[in-house]
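Asks: Quick one: the structure is below, questions incoming.
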Amino acid sequence: MDIFYEALKNLVEFDIKLYEIILLSLFVSISAAILSSIIAIIITSFLVLKRFVGKNATLLIINSMMSLPPVVVGLILYLLFSNTGILGFSDMLYSYQLMIIAQFLIVLPIIISLSFTVLNNKYMYLYDYLMSLNTSDFKILKTILHESRNELLIIFMTGLGRALSEVGAVIIVGGNIAHMTRVMTTSIVLETSRGELATALSLGIALILIAILINMFIFIIKNIYNKKL
Amino acid sequence: MKLFHLDNICYFQNNFKILKNINLDINKSGLSVITGPNGSGKTTLLKLIFGLIEPTSGRLYKYDLSYKQSSFVFQNPVFLNRSFFYNIEHALYCSGKSKHERIIIINRLIDEYELQHLKDKNIHKLSGGELQILSLLRSVALNPKVLFYDEPSNNLDRRNLMRVSSIITSLLSKDITIIMVTHDDKFIQDLNYDYTNIILNQGKRINEI
């Protein structure tokens, strides 16, 4: 119980070290989730609206990549961005930018795969109606995105949750450097191994609270928007 | 004046022949009614003439008509999760009308058919009959020269049936061509309007001239 009280005390007393880690975590994960959502929507829209040879194979590959182990993503990026790697010249290893790229790559197939199901179902549902209007692909896309907005918000949240809870890749490419690349999950690993359980628990509580707060925010936005309809 | 000519049209789906050697002319103005038992290919023929599906063989000729000048009312219409007003507005938006034009058209229609009480209702608060009216108005708003109408009397109570009849009669009086699929003879008789009957049975036209 003492550990739990100490963990809460750290949070309530606004321990700068702790909040620096929380803010960096949020920045990295939200950036990765937004970036992958934008790219995913572009790719998914193309997959939904266009017919092309190899479409099913593309979907199969993307679906398989959903279960890509983050440590493997981290390792591949490490090999590419280390001094001997082909992108070593960029000097990005152990930077938060590379952590964003790592999380982006982990979250991207998840958002594509989930949003494809949602958008494709909506497209099929509205297909005859939209075809009867003989309208442009842009207007069709705008309609199905707008009609799927609630589901897409939930998918974004799923992606953000995946990014926030990810540890394997960011610890490899970020190096868990204090004040630079230390995020909540890597810090929890470190503090637990050092026996600083109260600090680790503080970060764990913060992680859960952030997830609840973001979900509440989305819920309120959804309700306000739906009431306007 | 001829609007459509179907020359020996066949339509297959999964190797099943749904329409067999259909020959047909549809003239401008007036009412054409496609009738026949369930599964005779009525809706498929309607969709094919409209252009939603392509014939497997044979040719469909369209005269003096661009795609944008026709609209389709579906038997089981789908709607956007928005208000009565917005659903009509969306169809007009897709057809390229400006915001100002859209508002004028919708308000005129709502006033003409006395539907002010439905204007701001979400589609989830509309009855089955009111949804059918919305589906019809959404197509009428596009100002079509030809209206394709699949089963207009479907799921309608007496009051909404009369409403639909009056809208159809008013469209016919405005020289709009209506091609309709129905199995409801009484509905057609009640319209009290001369029509061309196209009778289908098992994918074949059985009253071919």
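The values are calculated or read from the model by the stated rules, or taken from the named source; none is laboratory data. Just so it is clear, the structure is predicted and the values come from calculations on it, not from any experiment. In this analysis, Cβ positions are derived from the backbone assuming ideal geometry, glycine residues included, and neighbour counts consider all displayed protein chains.
Asks: Consider B:Ile88 carefully, then state whether it is crowded, with 22+ Cβ neighbours inside 10 Å and aliphatic (A, V, I, L, M).
Replies: Values: crowded, with 22+ Cβ neighbours inside 10 Å: yes; aliphatic (A, V, I, L, M): yes.
Yes.
Asks: Scan the helices (runs of 4 or more DSSP H) fully inside the range A:1-71 and keep the ones with 3 or more residues being crowded, with 19+ Cβ neighbours inside 10 Å.
Replies: Details: elements: A:2-12, A:16-49, A:55-65.
Filter on the range A:1-71 gives A:16-49.
Asks: I've got another one for you. Taking the range B:45-64 as the search range and keeping residues that are in contact (Cβ under 8 Å) with a residue 60 or more places away in the chain and away from chain A (no Cβ under 12 Å), which one is surrounded by the fewest Cβ atoms within 10 Å (Cβ to Cβ)?
Replies: Per the stated criteria, the residue is B:Asp64.
Asks: Among strands (runs of 3 or more DSSP E) lying entirely in the range B:30-149, which contain 3 or more residues that are among the β-branched types (Val, Ile, Thr) and under 18 Å from the mean Cα position of the chain (by Cα)? Write out each step before concluding.
Replies: On the way: elements: B:31-35, B:57-62, B:70-73.
Where strands (runs of 3 or more DSSP E) fall fully within the range B:30-149 and carry at least 3 residues being among the β-branched types (Val, Ile, Thr) and under 18 Å from the mean Cα position of the chain (by Cα), they are B:31-35.
Asks: Going by the structure shown, is A:Ser132 at the interface with chain B (Cβ under 8 Å from one of its Cβ atoms) and either buried (at least 17 other Cβ atoms within 10 Å of the Cβ) or among the charged types (D, E, K, R) (or both)?
Replies: Working: at the interface with chain B (Cβ under 8 Å from one of its Cβ atoms): yes; either buried (at least 17 other Cβ atoms within 10 Å of the Cβ) or among the charged types (D, E, K, R) (or both): yes.
Yes, satisfied.
Asks: Scan the range A:168-180 and tell me whether some residue there is assigned to a helix (DSSP H, G or I), among the β-branched types (Val, Ile, Thr) and in contact with a Leu (Cβ under 8 Å, 6 or more places away or on another chain).
Replies: Yes.
Asks: Of a type outside the set (Val, Ile, Thr), free of Cβ contacts under 8 Å to residues at least 60 places away in the same chain, touching a Gly at 6+ places or on another chain (Cβ under 7 Å) and surrounded by fewer than 18 Cβ atoms within 10 Å (Cβ to Cβ): which single residue out of B:Asn155, B:Asn122 fits that description? Spell out how you get there, then give the answer.
Replies: Details: B:Asn122 fails: touching a Gly at 6+ places or on another chain (Cβ under 7 Å).
None of the others qualify; the one that does is B:Asn155.
Asks: So which of B:Leu80, B:Leu126, B:Leu115 is touching a His at 6+ places or on another chain (Cβ under 7 Å) and farther than 30 Å from B:Asn27 by Cα? Lay out the reasoning, then the answer.
Replies: Values: B:Leu126 fails: touching a His at 6+ places or on another chain (Cβ under 7 Å); B:Leu115 fails: touching a His at 6+ places or on another chain (Cβ under 7 Å).
Going through B:Leu80, B:Leu126, B:Leu115 in turn, just one is touching a His at 6+ places or on another chain (Cβ under 7 Å) and farther than 30 Å from B:Asn27 by Cα: B:Leu80.
Asks: Can you tell me which residue is farthest from B:Gly36 (Cα to Cα) among those in the range B:172-191 that are among the polar types (S, T, N, Q) and out of contact with any Ser or Thr (no Cβ under 8 Å at 6 or more places or on another chain)? Don't jump to the end; show me each part of the working.
Replies: So in the range B:172-191, the residues among the polar types (S, T, N, Q) come out as B:173, B:177, B:182, B:189.
If we keep only those that are out of contact with any Ser or Thr (no Cβ under 8 Å at 6 or more places or on another chain) too, we end up with B:173, B:189.
Values: B:Ser173: 26, B:Gln189: 16 Å.
The extreme case among them is B:Ser173.
Asks: Evaluate the range B:155-172: report whether one residue or more is closer than 18 Å to B:Asn27 by Cβ and among the hydroxyl-bearing types (Ser, Thr, Tyr).
Replies: Scanning the range B:155-172, I find no residue that is closer than 18 Å to B:Asn27 by Cβ and among the hydroxyl-bearing types (Ser, Thr, Tyr), so the answer is no.
Asks: To continue, here is another question. Being surrounded by fewer than 15 Cβ atoms within 10 Å (Cβ to Cβ), free of Cβ contacts under 8 Å to residues at least 60 places away in the same chain and not in a loop (DSSP other than H, G, I, E, B) is the filter here; which residues of the range B:185-209 pass it?
Replies: Listed by number, the residues that qualify are B:Lys186, B:Gln189, B:Asp190.
Asks: Which residues, counting only those in the range B:30-44, are touching a Leu at 6+ places or on another chain (Cβ under 8 Å) and away from chain A (no Cβ under 14 Å)?
Replies: Keep residues of the range B:30-44 that are touching a Leu at 6+ places or on another chain (Cβ under 8 Å), which gives B:30-31, B:34-36, B:40-42, B:44.
Residues satisfying the conditions are B:Gly30, B:Leu31, B:Ile34, B:Thr35, B:Gly36, B:Ser40, B:Gly41, B:Lys42.
Asks: Also, I was wondering about something else. Which of the residues spanning the range B:92-123 are closer than 30 Å to B:Ile188 by Cα and not charged (D, E, K, R)? Outline the logic, then answer.
Replies: Start the filter on the range B:92-123 by keeping residues that are closer than 30 Å to B:Ile188 by Cα, which leaves B:92, B:105-119, B:123.
Correct list: B:Leu92, B:Ile105, B:Ile106, B:Asn107, B:Leu109, B:Ile110, B:Tyr113, B:Leu115, B:Gln116, B:His117, B:Leu118, B:Ile123.
Asks: Of the residues B:Lys99, B:Lys174, which is of a type in the set (Lys, Arg) and modelled with pLDDT of 95 or more? Step through it out loud before you land on a result.
Replies: Values: B:Lys174 fails: modelled with pLDDT of 95 or more.
Unique residue meeting the criteria: B:Lys99.
Asks: Further, regarding this structure: Only one of A:Asn121, A:Asn150 is within 14 Å of chain B (Cβ to nearest Cβ), closer than 21 Å to A:Ala32 by Cα and out of contact with any Pro (no Cβ under 8 Å at 6 or more places or on another chain). Can you tell me which? Write out each step before concluding.
Replies: Numbers: A:Asn121 fails: closer than 21 Å to A:Ala32 by Cα.
Sole residue among the options that is within 14 Å of chain B (Cβ to nearest Cβ), closer than 21 Å to A:Ala32 by Cα and out of contact with any Pro (no Cβ under 8 Å at 6 or more places or on another chain): A:Asn150.
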